[in-house]
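Encoded as structure tokens, the structure appears first; notes follow it.
Just so you know, all these numbers are worked out from the coordinates, no wet-lab data involved. What you are looking at is a predicted structure, and each value in this text was computed from that prediction instead of being measured.
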Amino acid sequence: MNLNTTQSLVRAARRVKSVIAECNYAQRRLTTIMTSADRYMDDRNKAPEDYTEFLFRTSGVLVREPDAAHRARGQTVG
């Protein structure tokens, strides 16, 4: 293989890796949204009436936010 062919294969592999990573992120995010307790409430935008309701609403999966160094490189949340 010559240098151009190798570089093309590496670029294509990186694109495939990027697409797979994006699909993985989207699937995890969709699962988090679909299983959220707020999704099944009548009035989601209303503040919780008591502490028990607050705990119920926040009982789902927590989204991990990357540290500052990773955010600066464009890493997505989650």
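When the helix-only estimate is applied to the chain (DSSP H runs of n ≥ 4, each -39,500 (n - 2.57), divided by the residue count), what is the mean residue ellipticity at 222 nm, nearest 500 deg cm²/dmol?
-18500 deg cm²/dmol
Once the Cα atoms of helix 3-34 and of the chain are each reduced to a long axis, what angle between those two axes, in degrees from 0 to 90 to the nearest 10, is obtained?
Helix 3-34 sits roughly 10 degrees off the main axis of the chain.
What is the ratio of the Cα radius of gyration of the chain to 2.2 N^0.38 Å, with N the residue count, to two decimals?
1.73
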